[in-house]
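Have a look at the structure below before the remarks.
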Amino acid sequence: MPHCYKQLRQRFILSELKRQKKITVKSIASTLGVTERTIRRDIHILEKAGIIRIHYGGAELLSEKEASPYKENKLYLHTNMDINVFNLTPPVPKKSGRVFILGSFNTDLVYRLQHFPESGETTRALYSCCLPGGKGSNQAVAACMASARTHFAAKVGEDDFAHKARKFLGNVGLEALTLFTQPDVPTGSAVVMVSEEAGDNAIVINPGANQTIGPDEVIACYDAISESDVFLTQMENNPDATAMALKFAHTCGITTIFNPAPWREDVLELLPWATIVTPNLTEAESFTGSPIRTEQEIRSAAETIHRLGPQIVIITLGSKGCWLFDGEQHRAFPAFPAVNIDTAGAGDAFNGALAAQLASGKNITTALIYASAFASLAVEREGASNMPEHSAVLERLNPMMN
């Protein structure tokens, strides 16, 4: 692992010690996907710097009074790591507009229906098609269209759907594409049902190769992740790999956006590593374990989720907009009026556009307004990956600017 990774590993160890006070070599090695021997070397370096105390199987953070940044009355100059003992947060670089997205690619089989079928009912589709999809892929396309320098990493099989994935992703404007392959597993796929009556969608996913991303592949992305301004991920990949990448991005000091979809219990462990978490209403209900219907219930849900670890909670509310809670203030953002054609990619459009705006240096309010306008244009198009252009979003925003 290059020298910069050593620094990032050690910052990660310090951030964990700052959060938990104690760590074990085994847990850190597992999280970062390196050997226990590597982590032992790291903590010995940190001990030499007078920052931590080693104990059997791990280490603990010294108190400020115990820490010894001086050696023989001279500031100890650490030769292996550029770190300030009393400021564990790396300096914030100027925004370059880079977004790294670790996510899924699925082939979507889309069926437009008059209404969702009841149990046991066979219903005839009004229209059907085969389209590129997957939450990660959709979000990457959205980030591209919102003018971000986007790097997308995913995994596919070696089947016809994989060939279509390469062709599609090679032509959407990504700055970089990392597409791993798994020969014995099919490319991910999904059945998307869109109801004319409900103006909503229901989706069934077969994750396929998306679930086979492993530690070595995440480590291969470390360099690109560390150079990005915003890291965005979801839950359609192997959860262990997702956790590893999210924690590494957090350690790099960049903004991390965690879209906890589809919901699973694993998301609870990842929230402390998210700068921003973006559940929809259904996912927010999974966090709280109770229905959310009123504004007060939305407030309460946002506060509950915030206590689980993220700095900012954004609950997306579909046609009602979104709700922001930053730990101090609540704010509702109304949705832009839209003629719903296909809502399947609305959340992905929102997340990708939000990441793009934050990567360019916009504040959270400006980024949310832009993302809402972007999503309102996305639902007026057929296909979850059919995202609007940046110029169209600016046009929709224009009345607000005048």
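The values are calculated or read from the model by the stated rules, or taken from the named source; none is laboratory data. Worth saying up front: this structure is predicted, and the values here are computed from it rather than measured. Methodologically, a virtual Cβ is constructed for each residue, glycine included, from the backbone with ideal geometry; neighbour enumeration extends over all protein chains shown.
I'd like to know if segment 110-122 contains one or more residues that are touching a helix residue (DSSP H, G or I) at 6+ places or on another chain (Cβ under 6 Å) and assigned to a strand (DSSP E or B). Looking for residues that are touching a helix residue (DSSP H, G or I) at 6+ places or on another chain (Cβ under 6 Å) and assigned to a strand (DSSP E or B), one finds none in segment 110-122, hence no.
Of a type in the set (A, V, I, L, M), under 29 Å from GLN114 (Cα atoms), assigned by TED's automatic domain parsing to the domain that holds ALA148 and within 18 Å of the chain's Cα centre (by Cα), is that true of ILE364? The answer is no for ILE364.
For segment 348-388, a residue qualifies if it is farther than 29 Å from TYR111 by Cβ, of a type in the set (S, T, N, Q) and either modelled with pLDDT under 95 or buried (at least 23 other Cβ atoms within 10 Å of the Cβ) (or both), and exactly one does: GLN357. Against the definition (aliphatic (A, V, I, L, M), in a helix (DSSP H, G or I) and touching a residue at least 12 places away in the same chain (Cβ under 8 Å)), how does ALA162 come out, yes or no? When the stated conditions are applied, ALA162 passes them. Does SER128 qualify as being touching a Phe, Trp or Tyr at 6+ places or on another chain (Cβ under 7 Å) and surrounded by fewer than 22 Cβ atoms within 10 Å (Cβ to Cβ)? When the stated conditions are applied, SER128 passes them.
Quick check on my filter: what residues within segment 318-336 are modelled with pLDDT of 95 or more and among the aliphatic types (A, V, I, L, M)? Within segment 318-336, LEU324, ALA332 meet the criteria. In this structure, does HIS44 turn out to be out of contact with any Asp or Glu (no Cβ under 6 Å at 6 or more places or on another chain), modelled with pLDDT of 75 or more and either basic (Lys, Arg) or surrounded by fewer than 18 Cβ atoms within 10 Å (Cβ to Cβ) (or both)? Yes: the conditions hold for HIS44.
For THR278, state whether it is crowded, with 21+ Cβ neighbours inside 10 Å, under 24 Å from ASN363 (Cα atoms) and in contact (Cβ under 8 Å) with a residue 60 or more places away in the chain. So THR278 passes the test.
Scanning segment 338-347 for residues that are in contact with a Ser or Thr (Cβ under 7 Å, 6 or more places away or on another chain) and surrounded by fewer than 24 Cβ atoms within 10 Å (Cβ to Cβ) turns up just one, ALA338.
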